[in-house]
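Let me begin by presenting the structure, written as structure tokens, before commenting on it.
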Amino acid sequence: MKNKITDVSINKKTFYQNLARLALPISLQSLMLASVAAGDALMLGKVAQNEMTAVSLATQIQFVQNMFLSAITGAGAILGAQYWGKGDKHTLEDIFNMMLRIAGILSILFFLACELMPEMLMHIFTHDDPLIALGSSYLRIAGWSYLLTGISQCYLTMMKVSEHVKPGAVISSCAVLLNIGLNAVFIFGLFGAPRMQARGAALATTISRMIELALCLAVSAKASYIRPAFDRFIKLPRQLKADFARQCLPLMGGCLCWGVGFTSYTAIMGHMGTDAAAANSVSAVARDLICCMCNGIGSAAGIMVGNELGAGRLAMGKAYGTKLKNISYVIGFLSTALVLAVTPLVLRMVILTPQAREYLLGMMVIMSIYMIGRCVNTVTINGVLDGGGDTLFDMYSLIVCMWMIAIPLALIGAFVLHWSPLAVYACTCLDEVGKIPWVMLRFRKYKWVQDLTR
């Protein structure tokens, strides 16, 4: 592929304008979503360590749901970006229908699991009875929000790929700000509201998700927006379904490998004691906040590369991908510096035992190295490679680096060799940094430089 496509120079002004136009709103959207978890941790951390830890463990259920949704909306974004670049709105409506059908079924299943067996779900992450009780009460209320999340994410994805990224970011931001405000009201019992603590965080999440979906429906009613074609909702083109499955299944495999793997990390740390679980919960919130910029650039990379490839401009798509891969290293080192800079602030923001505070300090230092790999891999794999339809590599790399190296090491270290929580935490960070050379080799094969439209 490298020899077949002549390299071209890009217009840097146009490139950076497009990158900023897409990445900044998506990064803001990612930041606002991560702020909900940060708000929960900060507010519940002011109530009690157990409240904060229980909610952090319980929200791993939503994390797993989001992995499935990420695969569904990711496949829609890959095909949608290329068909938008081609100018085919009719096929975009069919893609929207497909996303809604699959995401709707998935959301119902997670809702039923949270309502019917929350204690069983909590047992996956901890054997501590007080944490199980607190987490189960959270899931019974938050489960209603899981019913709505899938639908709203489909609308937001379609806005993102059809040049309505700013309204989508505004909707998400409004929902998040409402969530944070309601968190304070219901957790602490402000303005005469009942003091619900962990259950209050769940209620705030559910109300904000209802508002988010209502805003998505209202905004998408405008003429310039892509909407689902309900007259074709059941009967969709067979070839498009095959193309969607070809992108979705590897993405789902990769998302499940990553999501269940990350949940396994949480479960392993959760079984190393409440201090280790609490420190891991706080570090996870800090990680998610700092990753927002690389998430935004990764999503923008997929759209930018996909638009060029779908329009038939393969050489320009290749040039864009190379530029974005180089930018990912810059973002990675900046994120490392940011983690170290905010560590003193993070340590002061929550109430922890002295032992948990010591664990948190060590975890933040380890995380600073991890951020380099996380940023490079997010932009290169989930952005550039996926934007060109090379979705299988992510799954392969996760199976090898996470499931064959990092998770076995963490399990052996925690339950056989009885390593310290910090040594086990370091094992959970190995996969992202260790696979960078493999990612670069895959990138240079240029299998991702392909037009997926028909």
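Considering every residue within the stretch 163-170, establish whether at least one is small (G, A, S) and over 30 Å from I303 (Cα atoms). I'd like the intermediate steps shown before the answer.
Let us first name the residues in the stretch 163-170 that are small (G, A, S), namely 168-169.
With the extra rule that they be over 30 Å from I303 (Cα atoms), the set shrinks to none.
The answer is no, given that none of the residues of the stretch 163-170 is small (G, A, S) and over 30 Å from I303 (Cα atoms).
Annotation: L441 fulfils all but one of (1) open to solvent by 40 Å² or more (accessible area, probe 1.4 Å); (2) in a helix (DSSP H, G or I); (3) in contact with a helix residue (DSSP H, G or I) (Cβ under 9 Å, 6 or more places away or on another chain); (4) closer than 30 Å to A315 by Cα; the unmet one is (3). Considering the conditions (1) buried (at least 21 other Cβ atoms within 10 Å of the Cβ); (2) over 14 Å from the mean Cα position of the chain (by Cα), G312 is excluded by exactly one of them, (1).
In the set (1) in contact (Cβ under 8 Å) with a residue 40 or more places away in the chain; (2) open to solvent by 30 Å² or more (accessible area, probe 1.4 Å); (3) within 11 Å of E212 (Cα to Cα), the condition left unmet by L178 is number (1).
Considering the stretch 103-140 alone, what residues qualify as being modelled with pLDDT of 90 or more, of a type in the set (A, V, I, L, M) and surrounded by 22 or more Cβ atoms within 10 Å (Cβ to Cβ)? Residues satisfying the conditions are A103, L139.
Is it the case that the stretch 381-390 has a residue that's more than 17 Å from the chain's Cα centre (by Cα), surrounded by fewer than 20 Cβ atoms within 10 Å (Cβ to Cβ) and of a type outside the set (S, T, N, Q)? The answer is no; no qualifying residue exists.
Could you tell me which residue of the stretch 231-241 is most open to solvent (accessible area, probe 1.4 Å), considering only residues that are more than 13 Å from L92 (Cα to Cα) and not in a loop (DSSP other than H, G, I, E, B)? That would be R238. Tallying residues that are within 27 Å of the chain's Cα centre (by Cα), closer than 15 Å to G270 by Cβ and open to solvent by 60 Å² or more (accessible area, probe 1.4 Å) within the stretch 400-428 yields 1.
Taking the conditions exactly as written (on the phi < 0 side of the Ramachandran plot and touching a residue at least 12 places away in the same chain (Cβ under 8 Å)), does G312 satisfy them or not? For G312, the condition - on the phi < 0 side of the Ramachandran plot and touching a residue at least 12 places away in the same chain (Cβ under 8 Å) - is not met.
Candidates A75, A20, A48: the one that is at pLDDT 80 or above and surrounded by fewer than 22 Cβ atoms within 10 Å (Cβ to Cβ) is A20. Residues of the stretch 327-342 include none that is at negative phi, open to solvent by less than 10 Å² (accessible area, probe 1.4 Å) and touching a Leu at 6+ places or on another chain (Cβ under 7 Å). Would you please name the residue that is farthest from L134 (Cα to Cα), looking only at residues in the stretch 188-200 that are of a type in the set (G, A, S) and assigned to a loop (DSSP other than H, G, I, E, B)? Step by step, filter the stretch 188-200, then rank; the result is A193. Of all residues in the stretch 311-368, those being in contact with a helix residue (DSSP H, G or I) (Cβ under 7 Å, 6 or more places away or on another chain) and small (G, A, S) number 9. Residues considered: R374, R357. Of these, the only one that is open to solvent by 10 Å² or more (accessible area, probe 1.4 Å), basic (K, R) and farther than 20 Å from C292 by Cβ is R357.
Residue count for the stretch 337-355 under the criterion of being of a type in the set (S, T, Y) and farther than 17 Å from M371 by Cα: the result is 1.
The values are calculated or read from the model by the stated rules, or taken from the named source; none is laboratory data. This one's a predicted model, so the numbers in the text were calculated from it and none came from an experiment. Ideal geometry is used to build each Cβ from the backbone, glycine not excepted, and the neighbour counts take in all protein chains shown. Heavy atoms of the whole protein, side chains included, go into the accessibility calculation; ligands, DNA and RNA do not. Shrake-Rupley method; radii C 1.70, N 1.55, O 1.52, S 1.80 Å.
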